Amino acid sequence: MIAIVIPIAMTLFAVAALLNLYRLAVGPDIVDRILALDTLMINSIALIVLADLRMGLGVLFELALLIALMGFVGTVAMSKYLLRGDVIE
């Protein structure tokens, strides 16, 4: 059962990542682009976790955690830059 579900989920997350790339390139506003980049990070984390489940290794979860941390810090930094004009006060 899981051998069927994981490839389907990976395909759907890959399609979502492609749609996020489109929003990132064409987004009418910088806020839309920041949100598209954050959502692209979430989709890439999901793809990494699903690939790890499919391969059965259990070592890519740390990579997914690092990408999640860097994506969060990047989103906060970009939002703070848009709000105040600088990141470090």
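The values are calculated or read from the model by the stated rules, or taken from the named source; none is laboratory data. Quantities reported herein were computed from a predicted structural model and do not represent experimental measurements. Don't worry about glycine lacking a Cβ; one is built from the backbone with ideal geometry, like all the others, and counts go over all protein chains shown. Accessible surface is based on the protein model in full, side chains and every heavy atom, while ligands, DNA and RNA are left aside. Shrake-Rupley method; radii C 1.70, N 1.55, O 1.52, S 1.80 Å.
Note down all Cβ pairs under 6 Å where the first residue falls in segment 4-15 and is within 11 Å of Asn43 (Cβ to Cβ), the second is open to solvent by 40 Å² or more (accessible area, probe 1.4 Å), and they're at least six residues apart or on different chains. Close Cβ pairs satisfying both conditions: Phe13/Leu47.
Checking each residue in segment 17-35 for being open to solvent by 80 Å² or more (accessible area, probe 1.4 Å), within 11 Å of the chain's Cα centre (by Cα) and under 16 Å from Gly74 (Cβ atoms) picks out only Leu35.
Figure legend. Inter-residue proximity from segment 53-78: first residues more than 22 Å from Thr39 (Cβ to Cβ), second residues part of a helix (DSSP H, G or I), beta-carbon distance below 8 Å, spacing 6+ or different chains. Indicated pairs: Arg54/Ile6; Arg54/Pro7; Arg54/Met10; Gly58/Asp52; Val59/Asp52.
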